[in-house]
Amino acid sequence: MMPLLNVERLSKSFGTHQVLKSIDLTVSAGDVTCIVGPSGSGKSTLLRCLNYLEVPTSGAIYLEGEPVGVRWRGNKLFRMSFNELSVQRQKMGMVFQGFHLFPHKTALENIIEAPVIVKGKTRQQATEEARRLLDKVGLSDRADYYPRQLSGGQQQRVAIARALAMQPTLMLFDEPTSALDPELVGEVLAVMRQLAEEGMTMVVVTHEMSFARDVADHLVFMDGGVIVEAGNPRDVLSNPQHSRTRSFLARVL
Ligand code: ADP
Ligand code: MG
């Protein structure tokens, strides 16, 4: 079966600094892949390359078999137009460490914004769907609250609902709980766990090792812009093969 996401020899440099060094990664539909690794190892850059928020220096990304960000014309590759790229980006919902909600819009308005503006849904359709999503993330009673009236955990759950409103085929999470007070982490992880159980394909950069152990199908350890080790999370966590993985795990577990 064709993988949902396929990353081949992806490299990214900023000036002379090579941040990603020939990354290969395959994600099957319905899989949860957790990416762990020390700060500065290139995890965020990898996620941002997947949806072309960063343009890779070399290598290729395929989503459902289609090259991301580029397309063939004859036997030559060309960068996509902004409109073509925007259609592909809609398939990849992204949730960041900081929640990036529109501060002057309510939770409901945040969620319906893109479906109405980008997808051309009617306000009524989008609102019905948003209410369903708010219910899903446990916030049906917070539809009319502004971000500043919500806790960090609630804001992040709105951000997840907002990403889901675009009906993505793939969800990308970049340390979604790192900015939260410890007591709020669990409610966000619970929503992510539920999404995983419903079969959403997810790539999650996280420091939450117990989430990775329990929920991930695949654990990837990155260091210095390379994938040092990858595999079944229980195997990698209990029996790491590389000294770099062992020393990282010794610090975080
Ligand atoms: P991680 O998410 O694993 O902490 P990042 O992907 O954020 O790592 O960063 C990897 C490296 O790339 C770091 O050394 C960082 O300083 C560098 N980097 C990230 N984004 C940029 C940028 N826009 N310009 C220059 N350097 C960058
Ligand atoms: Mg990061």
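Yes/no matrix, rows are residues, columns are (1) within 24 Å of Met222 (Cβ to Cβ); (2) polar (S, T, N, Q); (3) modelled with pLDDT of 95 or more:
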{"residue": "Thr57", "(1), (2), (3)": "yes, yes, yes"}
{"residue": "Leu77", "(1), (2), (3)": "no, no, no"}
{"residue": "Asn110", "(1), (2), (3)": "no, yes, yes"}
{"residue": "Leu134", "(1), (2), (3)": "no, no, yes"}
{"residue": "Ser140", "(1), (2), (3)": "no, yes, yes"}
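Looking at region 210-253, which of its residues are at pLDDT 95 or above and among the β-branched types (Val, Ile, Thr)? Selection gives Val215, Val220, Val226, Ile227, Val228, Val236, Thr245.
A quick yes/no check of all residues on (1) among the basic types (Lys, Arg); (2) away from ligand 2 (no atom under 16 Å from the Cβ):
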| site | (1), (2) |
| --- | --- |
| Ser178 | no, no |
| Leu184 | no, yes |
| Arg193 | yes, yes |
| Met200 | no, yes |
| Thr206 | no, no |
| Val215 | no, yes |
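Taking region 24-40 as the range and being touching a residue at least 60 places away in the same chain (Cβ under 8 Å) and more than 19 Å from Met171 (Cα to Cα) as the test, the residues that pass are Gly37, Pro38. Where strands (runs of 3 or more DSSP E) fall wholly inside region 1-70, the ranges with 1 or more residues that are within 16 Å of ligand 2 (Cβ to nearest atom), of a type in the set (S, T, N, Q) and under 24 Å from Phe248 (Cα atoms) are 32-36. Within region 19-63, being within 12 Å of ligand 1 (Cβ to nearest atom), of a type in the set (Val, Ile, Thr) and under 19 Å from Ser178 (Cα atoms) holds for Ile35, Val36, Thr45. Each residue in region 145-184 was checked for being surrounded by 22 or more Cβ atoms within 10 Å (Cβ to Cβ), polar (S, T, N, Q) and closer than 23 Å to Asp31 by Cβ, and 2 pass. Restricting the first member to region 91-119 and to residues that are within 16 Å of ligand 1 (Cβ to nearest atom), and the second to residues that are assigned to a helix (DSSP H, G or I), the beta-carbon pairs closer than 6 Å and six or more apart or on different chains are Val95/Ala159; Val95/Ile160; Val95/Ala163.
The values are calculated or read from the model by the stated rules, or taken from the named source; none is laboratory data. Treat the numbers as computed from the prediction; the structure is a model and nothing was measured. Cβ sites come from the backbone with ideal geometry, for glycine too, and all protein chains shown count toward neighbours.
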